[in-house]
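Reviewing the structure listed below.
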Amino acid sequence: MCPFPGEGEKGRSARVMSLVPFVAPADPTAPASPAATPAKGVSFLPIRDLLEGDTPPVEWLIPGFLSRGSLIAFAGEPGTGKSVFSYSLALALTTGTPFLGFEATAPKKVLYFDQENSYADCVQYLRWAWHGAACPDPRLIEHHLAFAQFQLGGNDWPLKMAEAVELVQPDLIVVDTATPSFNVQDENDNGEAGRIINTLRRIMALSTPTAACFVLKHAKIRPEDGKYTLRGAKAWEGQVDGILFQTKKAGRRRKDGLNNTTLTPAKVRAFGLREPLHVNPTWTRDRVGLRLERVPEKEPDSHD
């Protein structure tokens, strides 16, 4: 981990260990971690400056879709293409290319943790996204994308993630997926979920400026009303900044083996996606690449 200026090994250890109390140890008999240093006071925002100022309150990573510093839960049932979507998002950000019709920005740094997919699947998803984007300069991607597979999942996941964030200084952190990455012991425990989310926010702030975080989760359908909800603890619904559900289009799978999907914002605060987004995946002509295309709601399916 990169030390702060003038910080010795003891200072580094204290700073990193301050992340640990937010995550309960897996073993209930294990000794508690050292407590974080208590706050010495409360600072207040300059209200008049905020009201009269003209500085934009948010920086967009993808204008209209993803803002810096936001914590987003991206959820869907198994097989909806969450990982393929997230890999394509990462490639678009690292190359500064348009994504689903949203305008391009300068290339951004992405730190991707994949705790879900096999090595072979990771390679294939990356290649599909790269070929689907017309093979942008791999040197540009290598400079902006840091990819870690099966590096989290233990009690020390906050320390490993914090170390990577301080080293990479990402604009976006992607976690694929929440339960195995964060070593969740009880998926329905709101207390455990709340500690994980608080820890995530502290880790996001280790990047300057604060990184956004895109956390993949599983979704389920509520039997009482047929609507989608996040699987597990309700704390996720209350504490994140936004929730996006990815759902398959009703009906049979397309002849090319792909599914049309819809992104539906279930929660949004001041900034983020507000309207459903219809996304159709398409193979490149040689079928070595996969593109995600935004389509109008009523556009007929040309792949049937």
### Query
How many residues does the range 104-133 hold that are exposed (fewer than 15 other Cβ atoms within 10 Å of the Cβ) and in contact with a Gly (Cβ under 8 Å, 6 or more places away or on another chain)?
2
### Task
Look at the range 100-143 and say how many of its residues are touching a Leu at 6+ places or on another chain (Cβ under 6 Å) and either free of Cβ contacts under 8 Å to residues at least 12 places away in the same chain or closer than 24 Å to ASN183 by Cα (or both).
3
## Note on the structure
Only unsatisfied item for ARG253, checking (1) in contact (Cβ under 8 Å) with a residue 60 or more places away in the chain; (2) more than 24 Å from ASP189 (Cα to Cα); (3) of a type outside the set (Ser, Thr, Tyr), is (1)
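For every residue, the table says whether it meets (1) under 16 Å from the mean Cα position of the chain (by Cα); (2) modelled with pLDDT under 95.
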| position | (1), (2) |
| --- | --- |
| PRO78 | no, yes |
| TYR87 | yes, no |
| ALA104 | no, yes |
| TYR119 | no, no |
| LEU140 | no, no |
| GLN149 | yes, no |
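The values are calculated or read from the model by the stated rules, or taken from the named source; none is laboratory data. Note that the structure is a prediction, hence the values are computed from the model and not measured. No Cβ is skipped: glycine too gets one built from the backbone with ideal geometry, and neighbour counts run over all protein chains shown.
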